[in-house]
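Structure first, commentary second.
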C-alpha cells in the first residue's frame with residue numbers, strides 16, 4: 001500500500017532545506033527524513049537524515065542552482081521512497097503582506113501577489129518564490145502550498161501594528177508585520193506539554209539565530225514582537241543591524257550612499273559581523289579573545305535583555321521565557337548572559353541544567369520559568385499543507 005506524503009521546502013539564497021512527511025488520518029503525520037542542499041552554486045553539501053537523525057545520504061558536489069537541487073531531491077524521493085505518493089509541496093514564504101492571513105494553495109494569481117511583496121523582504125522573498133517557480137516547471141501537476149511567517153502576528157492589537165505615520169502609509173502596507181511566525185506557532189503548539197496551566201499565560205519566546213526576534217504571547221496569541229515592517233528590525237542579528245535610528249539612514253543617504261549600497265550594508269555587513277569585524281557566527285565570536293568580538297556578544301545580550309523588558313511591559317508581567325532557534329537552543333553562555341540581565345524580574349537559572357542543555361533551566365525558586373524548546377517550522381508547515389489537502 002502506498003503512503004501519502006508531503007514535502008516541505010525552505011529556500012534561501014544559497015540553500016534548500018527540506019523535510020518529507022508521511023500523512024496519516026486525523027491530521028497525524030510523521031517525519032520520514034529531512035536535510036538540505038547547502039552552498040548552492042559552489043562546493044555544495046547535500047545531506048539527508050532519517051527521523052532519528054541518522055545520516056542516510058551525504059554528498060559533496062557542485063550543485064549549480066536551485067532547479068538542479070530540486071531535481072536531485074525529487075529524483076532521490078522517486079528512487080528511494082517508492083512507497084510514498086507525493087501529494088503536495090508546502091513552502092515557507094516569509095511575507096504574506098496584508099492579504100494572506102492563512103496558508104493558501106498557490107496559483108498564478110497568488111504567485112503574482114506574493115511577488116509584489118519582494119521589496120518588503122528582499123533578502124528572503126525572492127528565494128522562497130523562486131523555489132515555487134522552479135517546482136511548477138518540474139512538477140506542474142503537484143499542488144503547492146504557501147505558509148507565511150507574517151500570518152501569526154496579525155492578531156496583534158492595532159497599537160502594536162501602527163507606526164506614527166499618516167494613515168495613507170498604513171493603508172499602503174507600511175505597518176509592523178512581524179516574522180518567525182511559523183516558529184512561534186510551533187512553540188505555541190507544544191507549550192502545554194511544558195508549561196501546563198501557564199501555556200496560555202504571559203510568555204516571551206526568544207527565537208535566536210542568524211536571524212533573531214522575540215514574541216510576546218498572551219492567551220495563545222501574539223501581542224507584540226521585535227521585528228516590524230521588515231526582518232531588519234529589533235534584535236542584533238548575524239549580519240543584520242536590528243533596530244536603528246532612521247536618522248542614521250537619512251544621514252547615510254545624504255552623504256551619497258546609494259539605496260543598493262545601504263540595503264547591502266544593513267542586511268549583509270551589519271549585526272554581529274559589523275560589530276566584530278570578524279564573523280556573524282555566534283560560536284566563532286564566543287571562542288574569540290578579540291575585543292570587538294567580545295563587545296559584539298555583549299551588545300547582542302544587552303539588546304536582547306532590553307527587548308525582553310519592552311515585551312514584559314506589553315504583557316503586564318511575565319510567567320515564562322522560551323529560548324529557541326540555533327543560538328537559543330545551543331548556546332548556554334548566551335542564555336546565561338541574557339538571563340543575568342533579567343534578575344530584576346526574579347529570573348534565576350540553574351547553572352548545571354543550563355550548561356547541560358536541559359529543558360527547564362530555571363531554578364525552583366525562579367519567579368519566571370525559563371525553558372529551552374527546539375523549534376520545528378517544517379512540522380507546522382506540513383500540518384498546514386495536510387489540512388489544505390483534506391479541505
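The values are calculated or read from the model by the stated rules, or taken from the named source; none is laboratory data. These numbers were taken from a predicted model, which means no experiment stands behind them. A quick note on method: Cβ atoms are made from the backbone with ideal geometry, for glycine too, and the neighbour counts reach across all protein chains shown.
Screening the candidates 296, 320 for the property of being within 28 Å of residue 239 (Cα to Cα) and either in the same structural domain as residue 21 (by TED's automatic domain parsing) or surrounded by 14 or more Cβ atoms within 10 Å (Cβ to Cβ) (or both) yields one hit, 296. Using the structure shown, decide if residue 375 is touching a strand residue (DSSP E or B) at 6+ places or on another chain (Cβ under 7 Å), closer than 16 Å to residue 207 by Cα and loosely packed, with under 14 Cβ neighbours inside 10 Å. No: the conditions fail for residue 375.
Per the listing 61, 79, the residue uniquely more than 16 Å from residue 385 (Cα to Cα) and without any contact (Cβ under 8 Å) to a residue 12 or more places away in the chain is 79.
Only residues that are under 30 Å from residue 121 (Cα atoms) and assigned to a strand (DSSP E or B) were counted across segment 9-38, and they come to 16.
Do we find a residue being assigned to a loop (DSSP other than H, G, I, E, B), under 19 Å from residue 101 (Cβ atoms), assigned by TED's automatic domain parsing to the domain that holds residue 342 and under 23 Å from the mean Cα position of the chain (by Cα) anywhere in segment 236-258? Before the answer, list the steps.
Applying the first criterion (assigned to a loop (DSSP other than H, G, I, E, B)) to segment 236-258 yields 236-245, 255-258.
If we keep only those that are under 19 Å from residue 101 (Cβ atoms) too, we end up with none.
No: segment 236-258 contains no residue that is assigned to a loop (DSSP other than H, G, I, E, B), under 19 Å from residue 101 (Cβ atoms), assigned by TED's automatic domain parsing to the domain that holds residue 342 and under 23 Å from the mean Cα position of the chain (by Cα).
Residues 283, 292: which one is closer than 30 Å to residue 373 by Cα and assigned to a helix (DSSP H, G or I)?
The conditions single out 283.
Quickly run through segment 335-352 and pick out the residues that are surrounded by 16 or more Cβ atoms within 10 Å (Cβ to Cβ) and out of contact with any strand residue (DSSP E or B) (no Cβ under 7 Å at 6 or more places or on another chain). 337, 338, 341, 342, 345, listed by residue number. Output the residues belonging to segment 39-54 that are in a strand (DSSP E or B) and either surrounded by 19 or more Cβ atoms within 10 Å (Cβ to Cβ) or in contact with a helix residue (DSSP H, G or I) (Cβ under 7 Å, 6 or more places away or on another chain) (or both). Scanning segment 39-54 gives 44, 46, 48.
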